[in-house]
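Worksheet: one structure, shown below.
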Amino acid sequence: MAAPDPANAAQAAFWTTGPGRLWAVEHARLDALMAPATAVLLDRAAIRPGENVLDIGCGAGATTLAAAERAAPGGRVTGLDISETLLAIARHRAGGRPNVAFLEAD
């Protein structure tokens, strides 16, 4: 996918370097911290098998992967983020799951 819009180059740099790298280092702790809110979000979204989901600002992929579990079988979840650093973690965590894709976008 194409690089983020030049108008958002500063945001891309922000989330791919410094703070994005710190988030990458701390992603497991941050996922645990946000787990209660993530559970409420997913319950309210009521994702069912076969549905397609778009997760904008997916970060390291925790919510995307949880949504993919609910959308299976037959559904697909796409996570978008501006940070290539966080997307690399998300892709690794996905482990080749066929119903998950991560794309760089802003």
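The values are calculated or read from the model by the stated rules, or taken from the named source; none is laboratory data. Keep in mind it's a predicted model, so treat the numbers as computed, not measured. Heads up, the Cβs are rebuilt from the backbone with ideal geometry, glycines too, and the neighbour counts pull from every protein chain shown.
Inside segment 63-76, residues that are of a type in the set (A, V, I, L, M, F, W, C) and touching a Lys or Arg at 6+ places or on another chain (Cβ under 9 Å) make up a count of 4. If you go through segment 70-84 and keep only what is surrounded by fewer than 18 Cβ atoms within 10 Å (Cβ to Cβ) and in contact with a Leu (Cβ under 8 Å, 6 or more places away or on another chain), you end up with just R70. Search segment 71-93 for residues that are modelled with pLDDT of 95 or more and pair each with any residue that is in a loop (DSSP other than H, G, I, E, B) and polar (S, T, N, Q) when their beta-carbon atoms are under 7 Å apart and the residues are at least 6 apart or on different chains. Here the result reads A71/N99; A72/N99; G75/N99; R76/N99; V77/N99, each pair linking segment 71-93 to a residue that is in a loop (DSSP other than H, G, I, E, B) and polar (S, T, N, Q).
Taking G57 as the residue in question, decide whether it is at positive phi and surrounded by 13 or more Cβ atoms within 10 Å (Cβ to Cβ). Answer is yes for this residue. The set of residues from segment 36-53 being exposed (fewer than 13 other Cβ atoms within 10 Å of the Cβ), part of a helix (DSSP H, G or I) and either among the small types (G, A, S) or at pLDDT below 90 (or both) comprises A37, A39. Considering L87, L33, L65, L22, the condition of being surrounded by 19 or more Cβ atoms within 10 Å (Cβ to Cβ), in a helix (DSSP H, G or I), out of contact with any helix residue (DSSP H, G or I) (no Cβ under 8 Å at 6 or more places or on another chain) and among the aliphatic types (A, V, I, L, M) is satisfied by L87 alone.
For A2, the requirement of being exposed (fewer than 14 other Cβ atoms within 10 Å of the Cβ), at pLDDT below 95 and assigned to a loop (DSSP other than H, G, I, E, B) is met.
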